[in-house]
1. Residue under question is T405, and the condition is that it be buried (at least 20 other Cβ atoms within 10 Å of the Cβ) and either aromatic (F, W, Y) or closer than 17 Å to A479 by Cβ (or both); does it hold?
2. Take the conditions open to solvent by 40 Å² or more (accessible area, probe 1.4 Å), at pLDDT 90 or above, outside any strand (DSSP E or B) and more than 30 Å from W261 (Cβ to Cβ) and apply them to P72. Does it pass?
3. What pairs come up if the first residue lies in the stretch 503-530 and is closer than 17 Å to A372 by Cβ, the second is in a helix (DSSP H, G or I), and their beta carbons are under 7 Å apart, counting only those six or more places apart or on different chains?
4. Name every residue in the stretch 198-212 that is open to solvent by 10 Å² or more (accessible area, probe 1.4 Å), among the hydrophobic types (A, V, I, L, M, F, W, C) and touching a helix residue (DSSP H, G or I) at 6+ places or on another chain (Cβ under 8 Å), in order of residue number.
5. Among all residue pairs at least 6 apart or on different chains, which show Cβ distances below 9 Å where the first residue, located in the stretch 60-82, is in contact (Cβ under 8 Å) with a residue 12 or more places away in the chain and the second is open to solvent by 90 Å² or more (accessible area, probe 1.4 Å) and assigned to a strand (DSSP E or B)?
6. Are any residues in the stretch 171-184 in contact with a Pro (Cβ under 8 Å, 6 or more places away or on another chain) and small (G, A, S), and if so, which ones?
7. Can you name the residue in the stretch 263-277 that is at pLDDT 90 or above, aliphatic (A, V, I, L, M) and surrounded by fewer than 24 Cβ atoms within 10 Å (Cβ to Cβ) and is also nearest to A364 (Cα to Cα) among such residues?
8. Here are the criteria: (1) open to solvent by 20 Å² or more (accessible area, probe 1.4 Å); (2) closer than 30 Å to A480 by Cβ; (3) of a type in the set (S, T, Y). Tell me which single one S347 does not satisfy.
Amino acid sequence: MVDRPAVPGLEDESAAMGDRALWLVLATALACGLLFLLAVLRGGGPTGGIGTASPSPTAGSFLLADVREAPPLELIDPDARPFSLASLGGEQVLVFFGYTHCPDVCPATIGTVGKVLGAVGPRTRAIFVTIDPERDTTTWLSEYRQFLPGGFTALTGTAAQIRTAADAWGVRYARVETGTPDAYSMSHTANVYLVDAAGRLRAIFPFGTSSDAMADVVRTVAASTPVPAGTATPAPSEAAPTPMPSPTPIPAATATAGGLWPQVISTSIWAGGHSPVILALNGESGRLNDTSIQATVQLWDPGRGPVGGAVPAIAVQPPLVDRVSFVATLDIPTPGPWQLNVTAVTSRGTIQGSAAITALDPGATAALGDAAPTVHTPTVADVGGDARAITTDPAPDLRLSTTSTTDALAAHRPFVLVVDSVRFRVSPACGRALVMARYLQDRWSNVTFIHLEPFRYALISETPVLDGDIAAPPIGTAAAAWGVGGSPWGPLSMPWIFVVDGNGIIRAKEQGLVGSDDIDVILALVATGG
């Protein structure tokens, strides 16, 4: 299931993909997926990766010389309501065509666009148009949108409506059979299109364009496009997804005041104490990548005022990364909406800003700040070397199954526990965390990465078979010890990730589709004793 331009004319996907034959692409899907994630999660552009940097593209590399009215989009949203691109007049819009069952290109692009939305502010939105209406129905998209960053609207329609819309935008796509019923892939153009506030198509970004490069172009276009008279600033709720199970989402676009624009990087923010909140601090000239900045965060109840005292936000810069993040560890009393008032002391003075967050209900999951459960997670040695007995990944990275959590705890070694399943996919995010873990363990040689299958299954004729119904899959003993599958999240909330320091204390936990920035920054914080 590979997202590639496998038919003639689909030349707009990443140039680095080349014109490989489909069989070769399928054989190298995992490697390509890692490269895709590397591009997005480490910055995605010529200066964002590890190795020798090449010159960064300028805004002119993506801007269209022939500025024209954007093609129409007349489809329906996940609530089956009619949607028109024209209804977003006064806001810039990033448009992307893809499909929810895509294993690599689409989630990578969505992650990149999500970062752009968080960096440029609330007057920019994103539209995800499916090219797979057979599977991407309104019912499915209403569930899937919880995995989209704030500011996204997902659209679908009939096959004819999708084809008409795609043709108007110059998007090519085709169904690619895999030999397995309902497991077909879709080859498609993977560009991102920028529509300005006046409804004109202004820029096209090919797959692999970094979020920083996109954000620069978005800002350039915004500065040269007057906002139509009478256009109101969008309310934060208009730019928010609906996560599970909390009814109030974590916005990607944040408020600003006093010259500081705090951007929330954390995928999951938890009530109950000891929750690390990762922020990017942006000033008038862009992101503040200065570790000497002294920042504090005050938790604020929108209805009652400050809660507790201000806490320091520690500057963190992971190895070989040019971006600085700030981590504040907060004790948030209850799930729901909160505000962060952030103060940063820079070389040019003190600036302030605010950001809206939503604290999630941790439920039965292992608590942040507590000692990690001492349950033994199975290793390949425990099953006589037959990895199939402990992982459903058809091409497992055995480094993730060599060490148990009990081994890491006894050695006082930091570890990242990834509770995820490749075969038993109960959410669109399943399998993604394992790809990220493969990438991150190459960056963090002093950290143990451990994969744990969440569900009970048996090998029957060498095939993993679930012990129960996929609609209510049975949680394994080790996963249950970490509280996975309990109320209010349930067994369909995979994947989960837990970060444990060398003292055996749980420092972070993430649920669902997770960006590697979350884990990378926390590991860098732990490595420095923070």
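The values are calculated or read from the model by the stated rules, or taken from the named source; none is laboratory data. Quantities reported herein were computed from a predicted structural model and do not represent experimental measurements. For neighbour counting, all protein chains shown are included, and Cβ atoms are generated from backbone atoms with ideal geometry for every residue, glycine included. All accessible areas refer to the heavy atoms of the entire protein, side chains included, with ligands and DNA or RNA removed. Shrake-Rupley method; radii C 1.70, N 1.55, O 1.52, S 1.80 Å.
1. Spelling it out, T405 is indeed buried (at least 20 other Cβ atoms within 10 Å of the Cβ) and either aromatic (F, W, Y) or closer than 17 Å to A479 by Cβ (or both).
2. Spelling it out, P72 is indeed open to solvent by 40 Å² or more (accessible area, probe 1.4 Å), at pLDDT 90 or above, outside any strand (DSSP E or B) and more than 30 Å from W261 (Cβ to Cβ).
3. Short answer, once both residue conditions are applied: G504/L409; R507/I522; R507/V526; A508/I522; E510/D518; I519/L440.
4. F207 - this is the single residue of the stretch 198-212 that is open to solvent by 10 Å² or more (accessible area, probe 1.4 Å), among the hydrophobic types (A, V, I, L, M, F, W, C) and touching a helix residue (DSSP H, G or I) at 6+ places or on another chain (Cβ under 8 Å).
5. Close Cβ pairs (under 9 Å, with a partner that is open to solvent by 90 Å² or more (accessible area, probe 1.4 Å) and assigned to a strand (DSSP E or B)) amount to E74/P82; L75/P82; I76/P82.
6. Matches in the stretch 171-184: none.
7. In this case the residue turns out to be A271.
8. Looking at each condition in turn, S347 falls short on (2).
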